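Okay, structure first, notes after.
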Amino acid sequence: RERWRFEAGWTIASSAAVIGETVVFGDASGAVRALRVADGSIAWEYKTDDPVYSTPAFAGGRVVFGSTSGAILALDARTGDPVWKVQTGGPVVASPSIADGVVFIGSSDHVFRAISLNTGMAVWSYDGVESFVETRALVADGMVVFGAWDGRLYALDAKTGKPVWTWTGERPSRYYSPAACWPVAAGGRVFIVTPGPWMTALELASGREIWGTDN
């Protein structure tokens, strides 16, 4: 049974984040809204300059997301007021992950960043990505794992940003990149899919391929 419906009037191309009694999402107008779960009414709204295709992440009382303006922004989760903004060199269509007070997110400027959730200051950045990032990174066992549209899956040290391993599938092409999936982990393995269609299980610690299937 439908409880309520909210018409944004613009394309909603990302998922929402549930934050307490609100649900937060962005749309192609550049608006980011928090709707009350109870009735769908607007708790707050923040307007960016360009479309938002990034799924927000929440921690420490802050909502973090990327904008196609090239900005990574943090808002107060209660009021929607801006807290900090980091400008990158390309549109940000990736979705952030937050762990231990650090925001992890890639951009279209071929840089993957770790940013302090509290201050917005850079913790580290990795500029070895050869194409743009659209995924939400996996943070597990001290590593950050994400794909990019260069055919590669990257694993970086979460504390330093130094590369631990990279993986390329049997078809080393941007068209078969593990870039649109959100990696998940269990039992010391990371699981990804590519447009092959193909699912692969890798050893999280080393990146060694354990199995792959198109079943």
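Which of the residues that make up region 165-195 are in contact with a Lys or Arg (Cβ under 8 Å, 6 or more places away or on another chain) and open to solvent by 30 Å² or more (accessible area, probe 1.4 Å)?
Selection gives 166, 168, 182.
More than 18 Å from the chain's Cα centre (by Cα), exposed (fewer than 15 other Cβ atoms within 10 Å of the Cβ), of a type outside the set (Val, Ile, Thr) and at pLDDT 95 or above, is that true of residue 211?
On the way: more than 18 Å from the chain's Cα centre (by Cα): yes; exposed (fewer than 15 other Cβ atoms within 10 Å of the Cβ): yes; of a type outside the set (Val, Ile, Thr): yes; at pLDDT 95 or above: yes.
Spelling it out, residue 211 is indeed more than 18 Å from the chain's Cα centre (by Cα), exposed (fewer than 15 other Cβ atoms within 10 Å of the Cβ), of a type outside the set (Val, Ile, Thr) and at pLDDT 95 or above.
Restricting the search to region 150-164, which residues are loosely packed, with under 14 Cβ neighbours inside 10 Å and assigned to a strand (DSSP E or B)?
Result: 163, single match.
Can you find a residue in region 184-205 that is among the small types (Gly, Ala, Ser), within 21 Å of the chain's Cα centre (by Cα) and part of a loop (DSSP other than H, G, I, E, B)?
Looking for residues that are among the small types (Gly, Ala, Ser), within 21 Å of the chain's Cα centre (by Cα) and part of a loop (DSSP other than H, G, I, E, B), one finds none in region 184-205, hence no.
Any idea which of 168, 160 is touching a strand residue (DSSP E or B) at 6+ places or on another chain (Cβ under 9 Å), β-branched (Val, Ile, Thr) and over 17 Å from residue 102 (Cβ atoms)?
168
Would you check if residue 120 is open to solvent by 30 Å² or more (accessible area, probe 1.4 Å) and not hydrophobic (A, V, I, L, M, F, W, C)?
Considered against the rule, which asks whether it is open to solvent by 30 Å² or more (accessible area, probe 1.4 Å) and not hydrophobic (A, V, I, L, M, F, W, C), residue 120 comes out as no.
Tell me the strands (runs of 3 or more DSSP E) entirely within region 21-125 that contain at least 2 residues that are touching a Phe, Trp or Tyr at 6+ places or on another chain (Cβ under 6 Å) and at pLDDT 95 or above.
Hits in region 21-125: 31-36, 71-76, 112-116.
Only one of these is among the acidic types (Asp, Glu) and closer than 30 Å to residue 35 by Cβ: 109, 127, 76. Name it.
It is 76.
Quick one: which residue in 82, 91 is surrounded by 15 or more Cβ atoms within 10 Å (Cβ to Cβ) and either polar (S, T, N, Q) or under 19 Å from residue 32 (Cα atoms) (or both)? Even if it seems obvious, please write down each step before you answer.
Numbers: 82 fails: surrounded by 15 or more Cβ atoms within 10 Å (Cβ to Cβ).
Unique residue meeting the criteria: 91.
Among the numbered conditions (1) in contact with a Ser or Thr (Cβ under 8 Å, 6 or more places away or on another chain); (2) at pLDDT below 95; (3) open to solvent by 70 Å² or more (accessible area, probe 1.4 Å), tell me where residue 136 comes up short.
(2)
Is at least one residue of region 59-69 basic (Lys, Arg) and surrounded by fewer than 18 Cβ atoms within 10 Å (Cβ to Cβ)? Show your work before the answer.
Initially, region 59-69 is screened for residues basic (Lys, Arg), giving 62.
This time we only want the ones that are surrounded by fewer than 18 Cβ atoms within 10 Å (Cβ to Cβ), so: none.
Checked region 59-69: no residue is basic (Lys, Arg) and surrounded by fewer than 18 Cβ atoms within 10 Å (Cβ to Cβ).
What pairs come out if I take residues in region 143-154 that are at positive phi and pair them with residues that are open to solvent by less than 10 Å² (accessible area, probe 1.4 Å) whose C-beta lies under 8 Å away, six or more apart or interchain?
Cβ pairs passing all conditions: 151/177.
The values are calculated or read from the model by the stated rules, or taken from the named source; none is laboratory data. None of the values given here were measured: they were computed from a predicted structure. Note: ideal-geometry Cβ built from the backbone for every residue, glycine included; neighbour counts use all protein chains shown. Accessible surface is based on the protein model in full, side chains and every heavy atom, while ligands, DNA and RNA are left aside. Shrake-Rupley method; radii C 1.70, N 1.55, O 1.52, S 1.80 Å.
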